[in-house]
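**Q** Below you will find the structure I want to go over with you.
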Amino acid sequence: MTRVYDEIINFIAGGSSPTQVAEFQPSEEAREQVADLLDRQKKSGLSPEENADLGRYLALEHLMRMAKARARQRLGHE
């Protein structure tokens, strides 16, 4: 899950334009990691560490959704 975290942190730290924020997509590998955690959470449960990782990712995903919405608003006003 560290890779997913790193992707988002590196993206933010890179200084992104509103267009880049609006178009951001995590890598296929990151999406697969999260999908795997969600699937295993439903079927067999996760370890406390995995559950914490998933929670952190979901919080970051929410943050990125909000940032994308704000970026789209700014692009609409330009």
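**Q** In segment 19-36, which residues have a backbone nitrogen under 13 Å from the label point lying 7 Å from residue 50's Cα in the Cα-to-Cβ direction?
**A** 33-36
**Q** Please compute the net charge surrounding residue 24, taking Lys and Arg as +1 and Asp and Glu as -1 over other residues with Cβ under 10 Å from its Cβ.
**A** Numbers: positive: 68; negative: 7, 23.
Once all neighbours under 10 Å are counted, the net charge is -1.
**Q** Mind listing which trypsin sites (Lys or Arg not before Pro) in segment 43-78 are in a DSSP loop and have 16 or fewer other Cβ atoms within 10 Å?
**A** Working: sites: 43, 56, 65, 68, 70, 72, 74; in loops: none.
When the trypsin sites (Lys or Arg not before Pro) of segment 43-78 are filtered for loop state and at most 16 Cβ neighbours within 10 Å, nothing remains.
**Q** I would also like to ask the following. Would you work out which of 9, 30, 59 lies farthest towards the positive end of the dipole of the chain? Charges go on Cβ: Lys and Arg +1, Asp and Glu -1.
**A** The residue sitting most towards the positive pole is 59.
**Q** To the nearest 500 deg cm²/dmol, what mean residue ellipticity at 222 nm is calculated for the chain from DSSP H runs of n ≥ 4 alone, each contributing -39,500 (n - 2.57), summed and divided by the residues? Intermediate results must be reported in sequence, preceding the final value.
**A** Details: 4 runs with 63 residues, N = 78.
Helix-only estimate at 222 nm: -26500 deg cm²/dmol.
**Q** Net charge near residue 69: determine it from the other residues with C-beta under 15 Å of the C-beta of residue 69, scoring Lys and Arg +1 and Asp and Glu -1.
**A** +3
**Q** Count neighbours as other Cβ atoms within 10 Å of each site's Cβ, and list the chymotrypsin sites (Phe, Trp or Tyr not before Pro) in segment 9-78 that are DSSP loop with at most 16 such neighbours.
**A** Sparse-neighbourhood loop chymotrypsin sites (Phe, Trp or Tyr not before Pro): 24.
**Q** Another question, then. List the relative contact order of segment 2-76 as a percent without decimals, with contacts defined as Cα pairs under 8 Å and 6+ residues apart.
**A** Contact order relative to length: 50 percent.
**Q** Could you give the radius of gyration (one decimal) and Dmax (whole number) of the Cα atoms in the chain, in Å?
**A** Cα-based Rg and Dmax for the chain come out at 14.3, 48 Å.
No value in this document is a laboratory result; all are computed from the given coordinates. Remember, it's a predicted structure, so these values are computed and weren't measured experimentally. Cβ atoms come from the backbone with ideal geometry, glycine included; neighbour counts cover every protein chain shown.
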